[in-house]
1. Using only Cα positions of the chain, each an equal point scatterer, no hydration layer, compute I(q)/I(0) via Debye at q = 0.25 Å⁻¹ and quote the log10 values to two decimals.
2. Would you compute, from DSSP H runs of 4+ residues alone, the mean residue ellipticity of the chain at 222 nm, taking -39500 (n - 2.57) per run and dividing by the full residue count, rounded to the nearest 500?
3. Accessible area of the chain with a 1.4 Å probe: how many percent of it is carbon plus sulfur?
4. If you roll a 1.4 Å probe over the heavy atoms of the protein chains, what accessible area per residue do you get for the chain, in Å²?
5. Go through region 5-50 and name the GluC sites (Glu not before Pro) that are in a DSSP coil and have 15 or fewer other Cβ atoms within 10 Å of their Cβ.
6. ALA20 to LEU47: extension gain in nm, 0.36 nm per residue of separation minus the Cα-Cα distance?
7. Between ARG39 and GLU9, what is the label-point separation in nm under the 7 Å Cα-to-beta-carbon projection?
8. How large is ³J(HN,Hα) for each residue in region 28-40, as worked out from phi by the Karplus curve 6.51 cos²θ - 1.76 cosθ + 1.60 (θ = phi - 60°), to whole Hz, x for Gly and Pro?
Amino acid sequence: MNPVFQERELLAPLIPRTPAGRPRVSDRQVISGMAYQIRTGISWRDLPER
């Protein structure tokens, strides 16, 4: 199984389902950003736009 897919499955329950604050981006984009941040240790503000 693809490791990125496994990371998405683990992190998906942590994504809030109720709208609050800024308009939401896709859950897939958020989970990919979380997985990238965890793998690289980069700070949130330094994450690439895509």
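1. Those come out to -1.06, one per q.
2. So the calculated ellipticity at 222 nm is -14000 deg cm²/dmol.
3. 58
4. Spelled out: the 1.4 Å probe surface of the chain, per residue, equals 88 Å².
5. Listed in order of number, the matching sites are GLU49.
6. 7.6 nm
7. 1.7
8. 4, 5, 5, 5, 4, x, 5, 5, 4, 5, 5, 5, 9
The values are calculated or read from the model by the stated rules, or taken from the named source; none is laboratory data. Since we're looking at a predicted model, the values are computed, not measured. Neighbour counts run over all protein chains shown; Cβ positions are idealised from the backbone, glycine included. With ligands, DNA and RNA removed, areas are computed over all heavy atoms of the protein, side chains included. Shrake-Rupley method; radii C 1.70, N 1.55, O 1.52, S 1.80 Å.
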